[in-house]
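Heads up, the thing below is written out as structure tokens.
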Amino acid sequence: MNNIEIGLPVMESFYTLQGEGYHQGRAAYFIRLGGCDVGCAWCDVKESWEAEKHPRRSVGELVAAAEEHPGRLAVITGGEPLMHDCAELTRALRAAGFATHIETSGAWPLSGEWDWICLSPKKFKAPLPGIVPQAQELKVVIFNKTDLAWAEQWAAQTSTDCRLFLQPEWSRSAAVTPLIIDYIKAHPRWEFSLQLHKYIHVP
């Protein structure tokens, strides 16, 4: 039995603006899948971690809900969305005219048909090597100064056209934002990712 028959565990789905990274500010329909084994201590959606706590929704239901809104950008996030086979979901979204984006730690094998892969590596569980060169966007959350050197280790493994972003961890924003600004000024291939949605108070 595949995902289109049994459905996917969905914590929430909503229409909003993309708040982070290269596509910041664009209207997007988010589908947040339940389940994550990465376990970031500072995760702001820890309620997504246990997949069995979230209702399963069919691919048809998810696409129909997305089609109720005028935007045609779908972002699959989590949790860790690649714990699930995303092939049927992305195929159906594309058939309905959506661009498909994923936000992933890369800790699980890549599945699905993606127009944009945002890789956000985590120290708690490293990405699989094969996914790193496929990322169009590398977004590294900075908790302390040592994370900057760690970010460079992953940037060295990306493709030459991958966009590189440094993003302050929300609870440490006041402390690390000046460090990130100075670092980007000295290393201008990096860009700053701000969690815009938390400032304008949208999901």
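The values are calculated or read from the model by the stated rules, or taken from the named source; none is laboratory data. Everything numeric here is computed off the predicted structure, so don't read it as measured data. Neighbour counts run over all protein chains shown; Cβ positions are idealised from the backbone, glycine included.
Please go through region 73-92 and pick out each residue that is hydrophobic (A, V, I, L, M, F, W, C), surrounded by 17 or more Cβ atoms within 10 Å (Cβ to Cβ) and under 17 Å from the mean Cα position of the chain (by Cα).
Hits for region 73-92 are L73, A74, V75, I76, L82, M83, C86, L89.
Grab the helices (runs of 4 or more DSSP H) fully contained in region 93-203, keeping just those with 3 or more residues being on the phi < 0 side of the Ramachandran plot and buried (at least 17 other Cβ atoms within 10 Å of the Cβ).
Passing ranges, in order: 146-155, 173-186.
I need every pair where a residue in region 20-31 that is of a type in the set (D, E) has its Cβ under 6 Å from the Cβ of a residue that is modelled with pLDDT under 95, sequence separation at least 6 or different chains.
E20/Q195
Checking D182 against (1) among the acidic types (D, E); (2) over 20 Å from the mean Cα position of the chain (by Cα); (3) closer than 28 Å to G130 by Cα: exactly one of these is not met. Which one?
(3)
How many of the residues making up region 1-19 are in contact with a helix residue (DSSP H, G or I) (Cβ under 7 Å, 6 or more places away or on another chain) and either among the small types (G, A, S) or within 23 Å of R172 (Cβ to Cβ) (or both)?
Going through region 1-19 one residue at a time, the tally reaches 2.
Mind listing just one residue for me: the one in region 58-72 that is part of a loop (DSSP other than H, G, I, E, B) and within 20 Å of the chain's Cα centre (by Cα) and, of those, farthest from H84 (Cα to Cα)?
Within region 58-72, the match that is farthest from H84 (Cα to Cα) is G71.
Going through L196, L166 one at a time, which residue ends up being within 11 Å of L138 (Cβ to Cβ) and touching a strand residue (DSSP E or B) at 6+ places or on another chain (Cβ under 9 Å)?
L166
Before we move on, is L89 in contact with a strand residue (DSSP E or B) (Cβ under 8 Å, 6 or more places away or on another chain), modelled with pLDDT of 95 or more and assigned to a helix (DSSP H, G or I)?
The answer is yes for L89.
So, in region 160-186, of the ones that are in contact (Cβ under 8 Å) with a residue 24 or more places away in the chain and among the basic types (K, R), which residue ends up nearest to K198 (Cα to Cα)?
R172
Could you list all residues from region 37-57 that are within 17 Å of G7 (Cα to Cα) and outside any strand (DSSP E or B)?
S48, E50, A51, E52, K53, H54, P55
Using the structure shown, decide if T104 is at pLDDT 95 or above, in contact with a helix residue (DSSP H, G or I) (Cβ under 6 Å, 6 or more places away or on another chain) and of a type in the set (S, T, Y).
In short, yes.
Which residue out of Q157, Q134 is of a type outside the set (D, E, K, R) and either in contact (Cβ under 8 Å) with a residue 60 or more places away in the chain or farther than 30 Å from T16 by Cα (or both)?
The match here is Q157.
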